[in-house]
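Please read the structure below before turning to the comments.
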Amino acid sequence: MPSAPVPASVSAEPLIQVEKFNYAYGDHQVLFDLDLNMRSTDVTALIGPSGCGKSTLLRAINRINDLVDSARVVSGRIRVDGVDLYAPEVDVISLRRNVGMVFQKYNPFPRSIFENAVYGLRVAGIKNRHDLEEAAERSLRSAALWDEVKDRLHEMATGLSGGQQQRLCIARAIALRPRILLMDEPCAALDPIATARIEELILQLRHEYTFIIVTHNMEQARRIADRTAFFYKGRLVEEQDTMKLFTAPDDPLTESYVTGRLT
Amino acid sequence: MDSSDLPRRPELRNLIIRNRKRTILGFDPQQIIKYFFGANASTAVIVLVLIMIFLVREGVDFLPTNRHELQTYRQAGLEFCDLVDRPLREHQTLSSSLRQCVSAALEPIVKDARERRNAAFLLKTQAEEKAARQREALENALEREPPPAEDQLAALRKDLQTAAAAASQALIYPSLFTAEETALFKAQLAALSPELTDLPPFIQALSAEFMTQDRAAREKYADLVTAQEEFDEAPDDLHELVDELKEQALGAKQSVEESHALAVNRQQLLEAAETTADPDEKASLIKEAEASVGEEVDLTALTKELTARTGELQTQIAAYVESAEKAAASLPDDVGTPDAAALLQKAKKGLPAHVQDMREAATALESWRVDKPVSMLRVIGAFFFGTEWITNSSWQDFFGFVPLLTGSVVIALIAVFIATPISVIAAIYTNQFATDREKELIKPVIEFIQAIPSVVLGFIGISLVGDLIKEFSEVSWLQWIPGFPIQERLNMFNAGCLLAFMAVPTMFSLSEDALNNVPRGYIDASDALGATKLQTVFRVIVPAGISGILSAVLLGLGRVIGETMVVLLVAGNRIAIPDFSAGPGVVFQPAHTLTGIIAQELGEVSRGSSHWQALFMVGIVLFTISLLVNWCARAVARRFESQKA
């Protein structure tokens, strides 16, 4: 783990490079010839109708789909900081510690708030009480949750409100100080106020982490993303500067989707 | 378009008002179907309630019946006799361990002589058997009237001689005898004939040798031998007196019971007479009832005879106590072998307590009152805390269910102790690590266990598991395990193993369900945070499923407690509280169980007797235990669920 949040290097080289990536569940191919670059300084939003493969791409980046027996890479590769993710020398456990993930349905463990915040550190083998407490406070502060929970750290996390639980999940992910945070529709189960707080949080943290967000909410993509990629039926249709994609897309398919006319 | 062009539709108000009510026999069909389904659903509840009512109705009379029995037990003076008789029974155990101690002490000295003597006797029998045909022929000839001619007899004698000589040559002589002795003995065996009445001189010599050795050994341990003999004979007078009193009390009890039976009969006849319409029959019934009157038994007089001898009893007890103490004091410290020393130690430890018990019995005799009523509390206590389950006794039946409960509980605990790790670990493996093909194999196989008839498992327990445990218990490097080598093949551990096997499917399936129900989100989150598979299993999945696993274990326990056939066949069926002083080795002792006793005895008792009612009481307790265990399983599941939510 790095000693301090290293600001993402502003280099021409993109942090994540997806090259001719084909991905399948068994015989059912879900991603076709994907080419996509994501820079470390950007918040990237992935949009598209359900089943277009955007979540699959997200789950391929931290290789959590490995746990699905039938999932496999057909061809192509994903490079993160130049390393091919599916090369045999990649340590999946270390990869996941450095590429955090937040899920659609907030899913804190049925334990105390504190234990949730430090779970990643505990499984990484850190036992020192002081280190754990420090990390818990830091990550809960980063997730803008500290003031709300500091007096009840040892109560069950499941007693929090939905928005708080989702922020706890973000805190849990950033306690490991990952470089990249993958968010799979993080606000889908939240009300507008809680959603606003999460979006605010993403904007606050965007300089420390590279965000990749899957969302169905186009307003959300517009509000928080620098670049937006539109997927349709397993293919990347267009990847653009967010403002341009929503106002003057190159592809007519994109235009009909963002204006709600895609049938 | 003009609205008048549209086809005319009926008025809405006519459509929404029901014009014709459809009914079946005056009922709304929807309601009938609902009640039909409801009735099916409630059948289980109704049957359960009926079972409870039935059990309670049969069992609850046990208390008054048993109270009456205990009342008789007291009034007829049986209790009085038991005051002395019970502590006196300890004498038998102590005396037998002293006797064993004596033989263990003598053993090393007399062993050789005894073995030589026994071997010689064995050889003689074998030699006689080998020449049996010729021997019988000669015997018959000798007995015949008139006696056969001398030359015939001579021929028979010659035959026998040849046969006996051949037999004595063919025998295998053990190395206990020297070559000289063997030759001598061989000659004597060859000369065996029915006309000789004395034993062969060699055997006589060996017997004499044994007697000398035995005498010498007894002299060496004279202290021990005399102490043992004295102690053995010490209670003879007391026994005689107690037996006399017991006979008297038993006679009193029988006459009370007879008169009670007559009274009951009379009551029944009178009741029958009241319900009969026919005046003739009524008159005859009443007449019969009048006749059914026993003599009034004067119990006070009878028991006074008993209590009058309190003084005599006390004197005898004092005499016994004195000689027992004297014997205890004269026991030596050194008895040679370690076996004998252990037995001696046991006796020495038991003796003071026994003496104390006897003294207390002597005082208890004075405070015993025949007219003290037996309280209901005592009856309940006698059932729930009674340590004896004695039935069909000529003296007095006792229905104490502690030995049965102990058996059931110990067996169930053994089973759960064995089954829990196996099924939970199997469930974790199947749920988390097994490939789909392995799952397809493991799950049906484990679930198939449930389909094995328990009586078949009983066979396996008797023939296979029992022998296996016995063999293992005799392996020399396993002797550190408490209780090894075991005495009984059929014991609680054997039953526990088989019940564990029967509980595995329940525990496994329910634990597996519990693990399956762990939300996918927890597992994803843990994986995404860089946990390894094992970390996810033990930090997230098992804790999240723990309520289900615990409730699975409890339901397994419920299944095990209620199981009958296996325990009946395999547990050994000894009605006694296992000796817990043996430590963990206690599991290798036989026991009887709540379920086993019902299955075994219910078919043999007469309906409505106190024994019958006692078995129903056991049934009620069993039912209650099962209900409690199941309720706990649900409560555990619910409690942890609500924490999670």
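Brief remarks follow.
- In segment B:402-644, the convex hull through the Cα atoms has an average projected area of 16.0 nm², a quarter of its surface area.
- Hz values of 3J(HN,Hα) by residue in segment A:99-115 - Karplus curve (6.51, -1.76, 1.60), Gly and Pro given as x: 10, x, 9, 10, 9, 4, 9, 4, 9, x, 5, x, 9, 6, 4, 4, 4
- Label sites at B:Lys220 and A:Asp147, each approximated as a point 7 angstrom past Cα along Cα to Cβ, lie 9.6 nm apart.
- Angle of helix B:29-60 to the longest C-alpha principal axis of chain B, folded into 0 to 90 degrees and rounded to 10: 30°.
- Cross-link reach list, lysines versus B:Lys34, counting only Cα pairs under 21 Å and skipping chain neighbours closer than eight places: B:Lys21
- Once both labels are positioned 7 Å from their Cα atoms along Cα-to-Cβ, the gap between A:Arg129 and B:Lys348 label points is 5.4 nm.
- For segment A:24-141, the spread of Cα positions along each principal axis, largest first, Å: 48, 33, 33
- Both radii come from the Cα set of the protein assembly as shown: Rg as radius of gyration, Rh as Kirkwood radius; their ratio Rg/Rh reads 1.18.
- B:Tyr429 contributes about 90 Å² of solvent-accessible surface, heavy atoms of the protein only, 1.4 Å probe.
- For segment B:415-428, backbone phi angles converted through the Karplus equation (6.51, -1.76, 1.60; θ = phi - 60°) give residue-by-residue couplings of 4, 5, 4, 7, 6, 4, x, 4, 6, 5, 5, 4, 5, 4 Hz, Gly and Pro being listed as x.
- Per residue of peptide B:530-539, the mean number of Cβ atoms on other chains within 10 Å of the residue Cβ is 5.
- Packing-based order for A:131-137, A:213-219, using average beta carbon neighbours within 10 Å, highest first: A:213-219, A:131-137
- Using θ = phi - 60° in the Karplus curve 6.51 cos²θ - 1.76 cosθ + 1.60, the 3J(HN,Hα) couplings for segment A:56-68 round to 4, 4, 4, 6, 7, 6, 9, 6, 6, 6, 4, 6, 7 Hz; x is entered for Gly and Pro.
- Residue list for segment A:236-250, given a label point 7 angstrom along the Cα-to-Cβ vector of A:Arg222 and an amide N cut-off under 14 Å: A:242-249
- Gap separating the Cα centres of segment B:124-162 and segment A:131-179, nearest whole Å: 108
- Scattering from segment B:91-217 was approximated by placing one identical point on each alpha carbon and applying the Debye formula without solvent; log10 I(q)/I(0) at 0.10 1/Å stands at -0.46.
- Dipole magnitude for chain A: about 440 debye, using +1 per Lys or Arg Cβ and -1 per Asp or Glu Cβ, origin at the Cα centre.
- Positive-pole candidate from B:Phe616, B:Ser292, B:Met376, dipole of chain B, charges at beta carbon: B:Phe616
- Rounded if a/c under 1.5, otherwise prolate or oblate - chain A, Cα gyration tensor axes: prolate
- Two-decimal log10 I(q)/I(0) for chain B, as the Debye equation yields it once each C-alpha is a single scatterer, q = 0.06, 0.07, 0.08 Å⁻¹: -0.66, -0.83, -0.99
- Within 10 Å of the Cβ of each residue in A:101-107, the mean number of Cβ atoms contributed by other protein chains is 4.
- Sequence of B:Glu447, A:Glu19 from largest to smallest accessible area, 1.4 Å probe: B:Glu447, A:Glu19
- Most to least accessible of B:Phe588, B:Phe62 (protein chains only, probe 1.4 Å): B:Phe588, B:Phe62
- Rounded to the nearest 0.05, the FRET efficiency derived from the C-beta distance between B:Thr23 and B:Phe385 at R0 = 56 Å is 0.35.
- Between 0 and 90 degrees, the angle of helix B:236-275 with respect to the longest Cα principal axis of chain B falls at about 40 degrees.
- Per-selection Kirkwood Rh - segment B:174-257 (Cα, Å, 1 d.p.): 18.2
- Distances between placed amide hydrogens fall under 5 Å for A:Asn37 paired with A:Val18, all partners being 5 or more residues away or on another chain.
- Calculated on the alpha-carbon coordinates, the convex hull of segment B:362-512 measures out at 218 cubic angstrom per residue.
- Computed over segment B:513-637, the quotient of the alpha carbon radius of gyration and 2.2 N^0.38 Å is 1.57.
- Accessible surface buried by the B/A pair amounts to about 1800 Å², both sides summed, 1.4 Å probe.
- Entries of B:Lys346/B:Lys470; A:Lys54/A:Lys233; A:Lys20/A:Lys54; A:Lys105/A:Lys127; B:Lys443/B:Lys533; A:Lys105/A:Lys244 with Cα pairs more than 20 Å apart: B:Lys346/B:Lys470; A:Lys105/A:Lys127; B:Lys443/B:Lys533; A:Lys105/A:Lys244
- Positions from segment A:120-138 whose accessible area shrinks by 50 Å² or more when the full protein complex is built, not the chain alone, probe 1.4 Å: A:Val123
- Surface accessible to a 1.4 Å probe, A:Met156 within the full protein complex, Å²: 70
- Here the simple spin-label model places points 7 Å from the Cα toward Cβ, and for A:His154 and B:Glu288 these points are separated by 8.1 nm.
- Taking 0.36 nm per residue of separation and subtracting the current Cα-Cα distance, fully stretching the chain between B:Phe121 and B:Ala277 would add 48.1 nm.
- Listed residues B:Pro519, B:Thr315, B:Val402: farthest to the positive end of the dipole of the protein assembly as shown (Cβ charges): B:Pro519
- Estimated at the nearest 10 Å², the accessible area of A:Tyr106 is 50 Å² with a 1.4 Å probe.
- Protection proxy ranking of A:50-61, A:140-151, B:163-174, B:498-509, by the mean of other Cβ atoms within 10 Å over each peptide's residues and highest first, is B:498-509, A:50-61, A:140-151, B:163-174.
- Taken about its Cα centre, chain B carries a charge dipole of about 4220 debye when Lys and Arg each add +1 at the Cβ and Asp and Glu each add -1 at the Cβ.
- Centre separation in Å (Cα based) which lies between segment B:59-104 and segment B:435-467: 45
- Total lysine pairs under 21 Å (Cα atoms) in segment B:102-256, excluding pairs fewer than 8 apart on one chain: 7
- Taking only the C-alpha atoms of segment A:111-263, Rg followed by Dmax gives 18.1, 57 Å.
- Surface composition of the protein assembly as shown: carbon plus sulfur atoms contribute 57% of the solvent-accessible area (1.4 Å probe, protein chains only, all chains present).
- The amide H of A:Met156, built 1.01 Å from its N in the peptide plane, has no neighbour under 5 Å, considering only residues 5 or more places off or on other chains.
The values are calculated or read from the model by the stated rules, or taken from the named source; none is laboratory data. Nothing here was measured: the structure is a model prediction, and the numbers come from that model. Quick reminder, even Gly has a Cβ in these numbers, built from the backbone with ideal geometry, and neighbours come from all protein chains shown. The area values use the complete protein model at the heavy-atom level, side chains included, leaving out ligands, DNA and RNA. Shrake-Rupley method; radii C 1.70, N 1.55, O 1.52, S 1.80 Å.
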